[in-house]
Amino acid sequence: MKIKEYSKGETTVVWKPDICIHSEKCFHGLPKVFNPNQRPWVDMDGAEDEAIRNQVAKCPSGALSINNAEEELRTTTTIEVAENGPLLVNGIVKIKTASGEEHRTSKSIALCRCGASSNKPFCDGSHKKIEFKG
Ligand code: SF4
Ligand code: FES
């Protein structure tokens, strides 16, 4: 699928021409930014960030979307391997244990990687006692 990107600062408008239904909602809503008669047809300097976002949200086909680097960083869950220790999961995740219990993390959680925890799948510090290396 073809993808075109138009950026200003941290905000990038993504346009997928193949799924655009040419309803021209974007053009009628914010012609200073979305104008098929100009090249490039998206001018990120034509309006404030918020106005562009609001208009993009009204695209009926999903051809327009926002790719915001900051937002992506904020919402991406990362997993860090601690040296000789657990897996540090930073971000919101839902964990379902083998017995069917569900845990939803609010910020971060450490998962046992050494196999010695008596509270699996969570780390209870046992990796230090067994001098886990890895
Ligand atoms: S609003 Fe979306 S579907 Fe309509 S013309 Fe603009 S990009 Fe295409
Ligand atoms: S990694 Fe900490 S108890 Fe296993």
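Rundown of residues vs (1) touching a residue at least 24 places away in the same chain (Cβ under 8 Å); (2) more than 30 Å from P17 (Cα to Cα), yes/no style:
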| residue | (1), (2) |
| --- | --- |
| E50 | no, no |
| R53 | yes, no |
| K58 | yes, no |
| N67 | yes, no |
| S118 | no, yes |
| K129 | no, yes |
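For S7, the criteria (1) modelled with pLDDT of 95 or more; (2) surrounded by 13 or more Cβ atoms within 10 Å (Cβ to Cβ) hold in every case but one, which is (1). Suppose the filter is touching a Pro at 6+ places or on another chain (Cβ under 7 Å), surrounded by 14 or more Cβ atoms within 10 Å (Cβ to Cβ) and of a type in the set (A, V, I, L, M, F, W, C); does C59 pass it? Spelling it out, it is not the case that C59 is touching a Pro at 6+ places or on another chain (Cβ under 7 Å), surrounded by 14 or more Cβ atoms within 10 Å (Cβ to Cβ) and of a type in the set (A, V, I, L, M, F, W, C).
For N90, are the conditions met, namely being in the same structural domain as P17 (by TED's automatic domain parsing), in contact with a Ser or Thr (Cβ under 8 Å, 6 or more places away or on another chain) and not aromatic (F, W, Y)? For N90, the condition - in the same structural domain as P17 (by TED's automatic domain parsing), in contact with a Ser or Thr (Cβ under 8 Å, 6 or more places away or on another chain) and not aromatic (F, W, Y) - is not met.
Within region 23-50, the set of residues being in a helix (DSSP H, G or I), of a type in the set (G, A, S) and out of contact with any Lys or Arg (no Cβ under 8 Å at 6 or more places or on another chain) is empty. Against the numbered list (1) in contact (Cβ under 8 Å) with a residue 24 or more places away in the chain; (2) surrounded by 13 or more Cβ atoms within 10 Å (Cβ to Cβ), I21 comes up short only at (2).
Right, A82: within 10 Å of ligand 2 (Cβ to nearest atom) and within 25 Å of the chain's Cα centre (by Cα) or not? Against the criterion (within 10 Å of ligand 2 (Cβ to nearest atom) and within 25 Å of the chain's Cα centre (by Cα)), A82 qualifies. Set side by side, the residues K96, K58 differ, and just one is in contact with an Asp or Glu (Cβ under 6 Å, 6 or more places away or on another chain), more than 13 Å from ligand 2 (Cβ to nearest atom) and modelled with pLDDT of 90 or more, which is K96.
The values are calculated or read from the model by the stated rules, or taken from the named source; none is laboratory data. In this text the structure is predicted, and so the values were computed from the model without any measurement. Cβ sites come from the backbone with ideal geometry, for glycine too, and all protein chains shown count toward neighbours.
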